[in-house]
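> One structure is given below, represented as structure tokens, and several questions about it will come after.
The values are calculated or read from the model by the stated rules, or taken from the named source; none is laboratory data. Quick caveat, the model's predicted, so the values are computed rather than measured. Using ideal geometry, Cβ is built from the backbone for each residue, glycine included, and neighbour counts are taken over all protein chains shown. Please note that ligands, DNA and RNA were not included when accessible areas were found on the heavy atoms of the full protein model with its side chains. Shrake-Rupley method; radii C 1.70, N 1.55, O 1.52, S 1.80 Å.
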Amino acid sequence: MITRSLAAWLLAIGLLTSSAYAHGGVDVVDNRCVLQVGPDIMFFTASQPQNSRDEFCDDIPSTGKTVVALDMQDTELRDMLTEIRIIRDDGTHTRMNGLPVLTDAELASKEVLDPVTINYLPPKKYPTGTLTFENTFTENGKYIGIVTVRNEQGETYVSQFPFVVGQQFSKNIGIYAMMLAALIAAVYGLWRYSRKPTPAAIPE
């Protein structure tokens, strides 16, 4: 019983840690970063070659030049117009599940987007299925990536993924605090269980 309880705690911590790293339209599937765009998917990776060989798909560890690569897994995406925009998160957007989300009206408004846009790739087709671009982040803070695709029938799909730059330490502190709290609770539960009096044997 004790072993099963401890295993359940460890599983819960693993799920908690994984969910804490999931951001908006980006998920991790088979150790690959997947960006959901309507019914289709793109593989997503970002790196900072000047700092390390590590690749990441959520938060960016530090400011500086960052290389982003999108690999279109669904061939129909290659015939669509793909638009990329990165904006600063000014904290005024609607929040869903704790994450900022731009409304359709905000996405369509140049007055809203232009003042906070730090990088923009206009609509373009990518016949090879690979899209790579660079962005130099000059400030730590919160940002939102917006990927928009449009087909010839006028259908439009938008994927938004919030992320932070240069705040790895604070994020890890929160995760470690949750893990420590769960571990303390598990140890306390085991201690209480071990202190329960053993039932007296019934004389024959």
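> For the range 57-88, how many residues are open to solvent by 40 Å² or more (accessible area, probe 1.4 Å), over 30 Å from Glu152 (Cβ atoms) and not in a loop (DSSP other than H, G, I, E, B)?
Number of matching residues: 2.
> Now for a separate question. Restricting attention to the range 140-154, report how many residues are touching a Gly at 6+ places or on another chain (Cβ under 8 Å) and open to solvent by 20 Å² or more (accessible area, probe 1.4 Å).
Qualifying residue count, the range 140-154: 2.
> Does the range 108-121 include one or more residues that are under 21 Å from Val67 (Cα atoms), open to solvent by 60 Å² or more (accessible area, probe 1.4 Å) and either modelled with pLDDT under 95 or part of a helix (DSSP H, G or I) (or both)?
No; the residues of the range 108-121 include none that is under 21 Å from Val67 (Cα atoms), open to solvent by 60 Å² or more (accessible area, probe 1.4 Å) and either modelled with pLDDT under 95 or part of a helix (DSSP H, G or I) (or both).
> Is it the case that Asp54 is over 30 Å from Gln153 (Cα atoms) and buried (at least 17 other Cβ atoms within 10 Å of the Cβ)? So that I can check it myself, show each step before the final result.
On the way: over 30 Å from Gln153 (Cα atoms): yes; buried (at least 17 other Cβ atoms within 10 Å of the Cβ): no.
Answer is no for this residue.
> I want to confirm something. Restricting to the range 89-107 and keeping residues that are open to solvent by 70 Å² or more (accessible area, probe 1.4 Å) and outside any strand (DSSP E or B), which single residue is nearest to Val164 (Cα to Cα)?
Filtering the range 89-107 for residues open to solvent by 70 Å² or more (accessible area, probe 1.4 Å) gives 90, 92, 94-97, 104-105.
Add one more test, that the residue is outside any strand (DSSP E or B), and what stays is 90, 92, 97, 104-105.
Numbers: Asp90: 12, Thr92: 16, Asn97: 17, Asp104: 23, Ala105: 24 Å.
The extreme case among them is Asp90.
> Next question, about the same structure. Taking only the range 30-51 into account, find how many residues are in a loop (DSSP other than H, G, I, E, B) and open to solvent by 30 Å² or more (accessible area, probe 1.4 Å).
Taking the range 30-51 and keeping what is in a loop (DSSP other than H, G, I, E, B), we get 30-31, 38-39, 48-51.
Adding the requirement that they be open to solvent by 30 Å² or more (accessible area, probe 1.4 Å) leaves 30-31, 38-39, 49-51.
Result for the range 30-51: 7.
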